[in-house]
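Here the structure comes first, spelled out in structure tokens, and everything after it is commentary.
Bear in mind these aren't lab numbers, they're just calculated from the coordinates by the rules spelled out. Being a predicted model, the structure only gives us computed values, none of them experimental. Here the Cβ positions follow ideal geometry from the backbone for every residue, glycine too, while neighbour counts run over all protein chains shown.
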Amino acid sequence: MGAAAVWAQTTRDVPSGRGPLLPAQAPAPQIRRDVNLVVLPVTVVDQKGQFVNSLQQSNFRVYEDGVEQQLAVFRREDIPVTMGLVIDNSGSMSDKRARVNEAALTLVQSSNRDDEVFVVNFNEDYYLDQPSDFTNDLSILREALQRIDARGSTALYDAVLASLDHLQKGHRDKKVLLVVTDGEDNASRHSLEETIRAVQKTDAVIYAIGLLTQEDRRAARRARRALTALAEASGGLAFFPRDVAQVHQICLEVAQDIRNQYLLGYYPSAAGTTGFRRVAVRLVNLPHGLGKLIVRTRPGYFAQPPATVAAGH
């Protein structure tokens, strides 16, 4: 996407093998993908905010631009994800990073043991601060998070764009970014609109945490709008705690959200068209006693133009 900063990384192999967090599971089968498959991570909660995990495929209807689509994929098990921890490393974060780092590790510890994770620290530049593309080794992730050089400005959008690109190298069917920042973007080469459009071209879910209490009121409002827009474009959530101590509990909530999603996939009936397509997921034929349920997923996506093949290939 044209972002100019360079990943700071080496190429040596990294051992994996975090200690047991969940009972051993057989690896989840991978979804067979092609360029047309649209994948929707979907969260369903009741009016108390409790996850509803008992629904069947027959309870879901998916619509694209008002036209019902035929589901080709339906999964509701706890499947591993490719996850990026995208953490603000600007000067104003110096007194917050220790707690943010521990909260981010709590997210990893509370997630599926087969997740693959990377760490991006950013200020006016951004860096992949680990010696391999992905790992689930807590000691490696802790070391990456502790590479603190809290200085400079905040190039949030550039870091998100680069992290979205890196997510696509992952091997898991679900893609997640956790973004933590304490201020307004003031250094990116790319705009919020460009970043949202890039989000809409992926199936990544963004969870954003804005530690904005030390920003002036106008800058805090702009930062809040930007983080909310990024999260909502992806079907994720934005959080704005009053204190950095609350980030730990937020990361626990994010882990639970990730692990309690349905995964729906379909091949669009309007496969040849490009541009933005609106998506809606509705629930039908619900079991008695569930009451009113709330569905969260991304509101739409940008359909990519068909790939062209050069002559002679």
Review point. According to the square roots a ≥ b ≥ c of the eigenvalues of the Cα gyration tensor, what is the shape class of the range 118-172, taking rounded for a/c under 1.5, prolate for a/b larger than b/c otherwise, and oblate for the remainder?
Key: oblate
Practice item. For residue 169, go through the lysines and keep the ones whose alpha-carbon is under 19 Å away, minus same-chain ones fewer than eight residues off. Key: 201
Exercise for review: Select from 164, 103, 247 the residue farthest towards the positive end of the dipole of the range 81-259; place +1 on Cβ of Lys and Arg, -1 on Cβ of Asp and Glu, and compute about the Cα centre.
Suggested key: 247
Exercise for review: Output the Kirkwood hydrodynamic radius of the range 81-259, Cα pairs only, in Å rounded to one decimal.
Suggested key: 15.7 Å
Check your understanding: Considering only the range 81-259, what is the antiparallel percent among its DSSP beta bridges, to the nearest 5?
Key -> 15 percent
Revision key, fill the gap. Given 190-199, 211-220, 121-130, the highest-first ranking by average Cβ count within 10 Å works out to 121-130, 190-199, 211-220
Check your understanding: So what's the gap between the Cα centers of the range 92-139 and the range 180-239, to the nearest angstrom?
Key -> 18 Å
Practice item. Please list 282-292, 55-65, 253-263 highest first by mean number of surrounding beta-carbon atoms within 10 Å per residue. Key: 253-263, 55-65, 282-292
**Study point:** Ranked 143, 77, 116, criterion: other C-beta atoms within 10 Å, fewest first
**Key:** 77, 143, 116
Exercise for review: Work from the charge dipole of the range 81-259 (Cβ charges, +1 for Lys and Arg, -1 for Asp and Glu, about the Cα centre) and give the residue of 138, 120, 90 farthest towards its positive end.
Suggested key: 90
Study note, to complete from the structure: antiparallel share of DSSP beta bridges within the chain, to nearest 5, in %, is 55 percent
**Study point:** Fewest-first ranking of 99, 225, using other Cβ atoms within 10 Å as the exposure measure
**Key:** 225, 99
Revision key, fill the gap. Residues 163, 92 in order from fewest to most other beta-carbon atoms within 10 Å are 92, 163
**Study point:** Dipole of the chain, positive direction: furthest Cα of 285, 272, 260, with charges on the beta-carbon
**Key:** 285
Check your understanding: Along the three principal axes, how long is the range 201-312 when you take its alpha carbons, biggest first, rounded to the nearest angstrom?
Key -> 57, 48, 24
Revision key, fill the gap. Only helices counted: for the chain, with every DSSP H run of 4 or more residues adding -39500 (n - 2.57) and the sum spread over all residues, [θ] at 222 nm is -7500 deg cm²/dmol
Point to revise | Equivalent ellipsoid, the chain (semi-axes from 5 times Cα gyration tensor eigenvalues, Å) | key: 30, 23, 21
